[in-house]
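Colleague: Sharing a structure, written as structure tokens. Questions coming.
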Amino acid sequence: MRRSVRLAVTPPFAFGLALRYLAASPSAIVEEVQDGEYVRPVRIGGRWLLLRVRDGAAPGGALQVTLEGRRVRTADLEAAADLVSRLFGTAEDVTPVLRALRRSSRFVPLARRCRGLRPVLIGDPFEALIWAVLGQQINIAFAAKLKAALLEHFGGSLAVGGRRYPLFPAPEHLARLRRADLRPLQYSRQKADYIIGLSQAVARGTLDFASLAGLPTPEAVARLTAFRGIGRWTAEYLLLRGLGDRDALPAADGGLRRIVGEELGLGRLATEEEVRGVAAPIAGWRGYLAFYWWFTLQERSRDRAPAA
């Protein structure tokens with residue numbers, strides 16, 4: 001069964017740029033970009049359904065949100081539309097962000113390149129947390145390999161239309177694992193312990209994502225870093241990509257340090273403090289700046305790629 005609904009967006013809205021980012025993002029393993037469409041399994045009303053999102057090509061801008069599954073209710077469609085709005089920021093007015101960026105000549109090209117792009121969230125806060133932990137102090141390509149292994153061995157799949165789509169494992173499932181279950185998948189002892197311990201905290205409710213919503217960024221960071229396995233970078237990344245905090249700046253991120261170092265002409269990676277200093281003029285919107293920098297790094301990588 002397949003049902004669709006139209007989701008209005010607040011212009012300017014660049015769904016194509018969001019898809020372009022996801023198509024090249026190592027984090028995008030559960031989700032896929034196929035022929036101008038975002039596809040991923042989602043859990044709604046206690047059931048797994050397949051979500052598809054594409055540009056609705058309607059006057060004034062809109063997205064077409066589609067659910068596929070054995071039974072799709074009107075309430076399921078409404079929940080899916082709410083989820084898509086959160087993931088892609090469809091209701092956000094980016095005018096204040098663009099205005100803040102344009103006040104600095106350094107950010108004018110960024111505002112032009114990313115006009116209409118919002119920070120794209122990872123589909124589920126728990127998935128965003130685990131992805132951030134996987135990315136700690138290792139090559140991003142290897143982190144993607146670890147995430148893929150987690151899905152393959154512990155995630156299950158959703159069968160729709162003759163295809164199987166991978167499911168990210170629930171916290172309750174990962175909470176029951178032992179270190180020995182993850183070590184054969186090339187997880188370090190420490191990373192395995194962090195994944196299992198944080199999954200247990202989420203499953204028990206001691207790490208509650210909903211309780212972080214609306215908190216000032218420093219307070220949310222302080223709460224998160226009280227958990228073993230979550231440092232400041234992990235907390236800020238989770239807040240930005242998992243919970244939609246538009247002022248969260250993962251300033252210790254290697255990519256952000258690289259692009260700021262290049263823009264300042266340092267001949268080296270910028271320090272975390274230098275990244276925060278450059279971002280300070282747009283306080284309130286630093287999450288947008290971080291995401292726009294990541295998008296810019298992707299575009300530069302494409303430009304450097306040899307022709308096929």
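Colleague: Between ALA180 and ALA141, what's the calculated FRET efficiency when r is the beta-carbon distance and R0 is 30 Å? Round to 0.05.
Modeller: 0.75
Colleague: Along the Cα→Cβ direction, 7 angstrom out, place labels at ALA222 and ARG102. What is the inter-label distance in nm?
Modeller: 3.7 nm
Colleague: Right, next: Before rounding to the nearest 500, sum -39500 (n - 2.57) across all DSSP H runs of length at least 4 in the chain and divide by the residue total; then give [θ] at 222 nm in deg cm²/dmol.
Modeller: Result for the chain, helices only: -13500 deg cm²/dmol.
Colleague: Non-local amide H neighbours of LEU158 (under 5 Å, H modeled in plane, Pro and chain starts lacking H): which ones?
Modeller: Those lying under 5 Å, H to H, from LEU158 are TYR165, LEU167.
Colleague: With 5 Å bins from zero, work out the P(r) of the range 18-78 over every alpha carbon pair and list the percent per bin.
Modeller: 4, 16, 25, 21, 19, 12, 3
Colleague: What is the range 115-162 by shape, rounded, prolate or oblate, if you read a ≥ b ≥ c off the alpha carbon gyration tensor as root eigenvalues and call it rounded for a/c under 1.5, prolate for a/b larger than b/c, and oblate otherwise?
Modeller: Oblate is the answer for the range 115-162, as a/c is 1.5 or above yet b/c matches or exceeds a/b.
Colleague: Right, here's the next one. If you take every residue apart from ALA251 with its C-beta less than 9 Å away from the C-beta of ALA251, what net charge results, scoring Lys and Arg +1 and Asp and Glu -1?
Modeller: Local charge sum for ALA251: -1.
Colleague: Moving on to the next point. What value in Å³ per residue do you get for the convex hull of the alpha-carbon atoms in the range 45-90?
Modeller: Given the Cα convex hull of the range 45-90, per-residue volume reads 78 Å³.
Colleague: Can you give the FRET efficiency to the nearest 0.05 for ALA283 and ALA210, using r as the Cβ-Cβ distance and R₀ = 25 Å?
Modeller: Plugging the Cβ-Cβ distance into 1/(1 + (r/R0)^6) gives 0.50.
Colleague: Something else now. Taking amide hydrogens as modeled 1.01 Å from N in the peptide plane, which residues meet the under 5 Å criterion relative to ARG118, leaving out close sequence neighbours?
Modeller: Amide H to amide H, under 5 Å and 5 or more residues apart or across chains, ARG118 pairs with ALA14.
Colleague: Now for a different question. Quick one: what are the phi-derived ³J(HN,Hα) couplings along the range 93-98, Karplus 6.51/-1.76/1.60 with θ = phi - 60°, whole Hz, x for glycine and proline?
Modeller: 8, 8, 4, x, 5, 5
Colleague: I want the local charge near ARG20. Using Cβ-Cβ distances under 12 Å, sum +1 for each Lys or Arg and -1 for each Asp or Glu among the other residues.
Modeller: Neighbour charge sum, excluding ARG20 itself: +1.
Colleague: Counting Lys and Arg as +1 and Asp and Glu as -1, each charge on the Cβ, what is the dipole of the chain about the Cα centre in debye, to the nearest 20?
Modeller: 400 debye
Colleague: Further, regarding this structure: Which one of ALA180, GLN137, GLY214 has its Cα pushed farthest toward the positive end of the charge dipole of the range 125-242, where Lys and Arg give +1 and Asp and Glu give -1 at the Cβ?
Modeller: ALA180
Colleague: Here's something else I'd like to know. Using θ = phi - 60° and the Karplus form 6.51 cos²θ - 1.76 cosθ + 1.60, what ³J(HN,Hα) does each residue of the range 86-92 get, whole Hz, x for Gly and Pro?
Modeller: 6, 5, 10, x, 5, 8, 6
Colleague: Which one, (1) 20.3; (2) 23.4; (3) 22.2, gives Kirkwood radius over Cα pairs in Å as derived from the coordinates shown?
Modeller: The value computed from this structure is option (1).
None of the figures in this text is laboratory data; all of them are computed from the coordinates on show. Everything quoted here is computed from the prediction, not taken from an experiment. Methodologically, a virtual Cβ is constructed for each residue, glycine included, from the backbone with ideal geometry; neighbour enumeration extends over all protein chains shown.
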